[in-house]
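Take a look at the structure set out below.
The values are calculated or read from the model by the stated rules, or taken from the named source; none is laboratory data. Remember, predicted model here, so these are calculated numbers, not experimental data. So basically every Cβ, Gly included, is an ideal-geometry build from the backbone, and we count neighbours across all protein chains shown.
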Amino acid sequence: MTVFLTAHYFPYNGHMAKLRGNRIRERRLALGITQEDLAKAVKMSVSTINRFERNKGDAKASVLFDIAKVLKCRMEDFF
């Protein structure tokens, strides 16, 4: 029997995205890194980093991995 899971089973969780954004910002500030420095290090625009931190967008796992490397933490720390 094959079961196909749809978005119904895995709804977008805005609360988790908000938590991730807050944790990215907190970690970045704790290390004294600017949004500009983080954006340059992960090859993204400052506005994209700003969107993540303001919880207006959610980052892909590969982007979170890159951000975690720059912020010297594990990707899991954002969840």
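Taken over region 47-79, the criterion of being more than 15 Å from Leu29 (Cα to Cα) and not in a helix (DSSP H, G or I) is satisfied by Asn55, Lys56, Gly57, Asp58, Ala59, Lys60, Arg74, Phe79.
The single condition among (1) modelled with pLDDT of 95 or more; (2) among the acidic types (Asp, Glu); (3) in contact with a Lys or Arg (Cβ under 6 Å, 6 or more places away or on another chain) that Glu53 does not meet is (1). Glu76 passes every criterion in (1) surrounded by 14 or more Cβ atoms within 10 Å (Cβ to Cβ); (2) of a type outside the set (Gly, Ala, Ser); (3) at pLDDT below 95 apart from (1).
Contact map, region 64-79: first residue without any contact (Cβ under 8 Å) to a residue 40 or more places away in the chain, second residue assigned to a loop (DSSP other than H, G, I, E, B) and surrounded by fewer than 17 Cβ atoms within 10 Å (Cβ to Cβ), Cβ cut-off under 7 Å, separation 6 or more or different chains; pairs are Ala68/Arg74.
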